[in-house]
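Worksheet: the structure to be examined is printed underneath.
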Amino acid sequence: MRIQRVARDLVATEQVAGLGFTSLQVVEDDRGNVEVATDPVGTKPGDFVFTIATSAARYAAGNAAITTDLTIGGIIDHWSEERWRS
Amino acid sequence: MRIQRVARDLVATEQVAGLGFTSLQVVEDDRGNVEVATDPVGTKPGDFVFTIATSAARYAAGNAAITTDLTIGGIIDHWSEERWRS
Amino acid sequence: MRIQRVARDLVATEQVAGLGFTSLQVVEDDRGNVEVATDPVGTKPGDFVFTIATSAARYAAGNAAITTDLTIGGIIDHWSEERWRS
Amino acid sequence: MRIQRVARDLVATEQVAGLGFTSLQVVEDDRGNVEVATDPVGTKPGDFVFTIATSAARYAAGNAAITTDLTIGGIIDHWSEERWRS
Amino acid sequence: MRIQRVARDLVATEQVAGLGFTSLQVVEDDRGNVEVATDPVGTKPGDFVFTIATSAARYAAGNAAITTDLTIGGIIDHWSEERWRS
């Protein structure tokens, strides 16, 4: 799982049915690259989170039928930008 | 999921049966790298989209028997080239 | 799915049973990196193809029991080296 | 599977139910990049481990319902920083 | 599938049960990056092999219950260091 920071939510009026009403967040890594993750946890911008990829992302979204490849797995306690690299 | 832009459609007269009649789009990222995605949404060139990879791509294509590893999940509202990097 | 070019076939006298008698091709990307793909399409060196990775590769090979992680999905019409980058 | 070193444990008070009570470790590679792995082995900081990704990570965690994409597979005997590159 | 070279075997006295008694090999790519693969073929150091990743790795290991994400698929005939890049 990777460590990313929540940047903001993402709105896509036209999307596939398989995502249902799942909240989508733009997450970024320590180099500023952005990706999109489903959010069953309820995060807010600035939260440091760990994200779950591949088939486990579907299960972590709460329902294996949700068609995601990246899901926020939790909000990390006591993380900061300096800890991104050991 | 990643954020990509639709470049143009892709034509492959000889292809595996598992893709059926699914539309294929060439999508590019913020560095100009191109990939190919199945498109159940109905996008057009220039649309900013998020794409779904790995096993979820098959389900997102509308039918788990479709043999794709990348499917367009939705068209992003209010995205532009500047937002590709936070 | 990625866009690659067929370089030549690959011969491996000792291999796992799960690949059966599937043809194997060495494919290369626009930077010259090589990988190996199963080929249910019947390609020849120089063909520009799109390749299917992860679990969909097994299904695209014609039989989910084939133990591959990369399968040639089709031969692209009208592609050339210049189009590899948009 | 990749070779990584255990840095420290990770605490996430708010997390998805699918991870249960699995221990989470921050692991780093030879370039200092960090990731998060479930730990069914019982490692301690400084241990060199190999980690298992994708769907096998779920099974390696001891229960396929555990929603992880990276699991520590074992502690490597006789490894050191110099061996990270051949 | 990727082309890698067998470097040496890997010993991990403490490891997850899911790997059983499968032989583990350290494999390296053309840049000297190392990874760990299960070996159902019986390779020796110096062999050029192709390796199978993601869910197919479990099946290629001879038993889908084996918790690996990388399995040696075969020994390549007539390969050499110069052929690693086309």
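What follows draws every value from the coordinates through simple rules; no lab data is involved. The model shown is predicted, which means the values in this text are computed figures rather than measured ones. For neighbour counting, all protein chains shown are included, and Cβ atoms are generated from backbone atoms with ideal geometry for every residue, glycine included.
Residue by residue along A:3-15, Cβ atoms of other protein chains within 10 Å of the local Cβ number 5 on average. For the residues B:38, B:22, B:51, a GNM of chain B with alpha-carbon springs under 10 Å puts the largest fluctuation on B:22. Here the Karplus relation 6.51 cos²θ - 1.76 cosθ + 1.60, evaluated at θ = phi - 60°, turns the backbone of region A:31-48 into coupling constants of 9, x, 6, 10, 9, 10, 10, 6, 10, x, 8, x, 9, 10, x, x, 5, 8 Hz, with x for every Gly and Pro.
Dividing the C-alpha radius of gyration of chain B by 2.2 N^0.38 Å, with N its residue count, gives 1.05. Taken residue by residue and averaged, Cβ atoms of other chains lying within 10 Å of the Cβ of D:61-68 number 5.
Note on chain A: with a GNM built from Cα contacts shorter than 10 Å, the maximum mean-square fluctuation among A:54, A:68, A:43 falls on A:54. Annotation note: trypsin sites (Lys or Arg not before Pro) in region A:1-69 located in DSSP loop regions with a Cβ neighbour count of at most 13 within 10 Å are A:31. For region B:16-78 versus region C:53-78, the spacing of their alpha-carbon centroids is 16 Å. Amide H contacts of residue C:9: C:26, each under 5 Å away and 5 or more positions distant or on a separate chain (H built 1.01 Å from N in the peptide plane; Pro and chain starts excluded).
Residue-wise HN-Hα couplings along region A:49-58, as the Karplus relation 6.51 cos²θ - 1.76 cosθ + 1.60 with θ = phi - 60° gives them from phi, are 10, 10, 10, 10, 10, 6, 4, 4, 4, 5 Hz; Gly and Pro carry x. For residue C:73, the residues whose amide H sits under 5 Å from its own are C:50, C:51, C:52, ignoring neighbours fewer than 5 places away on the same chain, with H placed 1.01 Å from N.
Here the calculated FRET efficiency for residue A:8 and residue C:13, from their Cβ-Cβ distance with R0 = 41 Å, stands at 0.15, rounded to the nearest 0.05.
Under 16 Å from a label point set 7 Å out along the Cα-to-Cβ vector of residue A:21, the amide N atoms of region A:30-49 belong to A:39-42. When the Gaussian network model of chain E links Cα atoms closer than 10 Å, the mean-square fluctuations of E:61, E:53, E:37 top out at E:53.
Multiplying each eigenvalue of the alpha-carbon gyration tensor of the protein assembly as shown by 5 and taking the square root yields semi-axes of 30, 30, 19 Å, largest first, rounded to whole angstroms. Take residue A:83, push a point 7 Å out from Cα through the beta-carbon direction, and compare it with the same point in every other copy: 3.0, 3.0, 4.9, 4.9 nm, smallest first.
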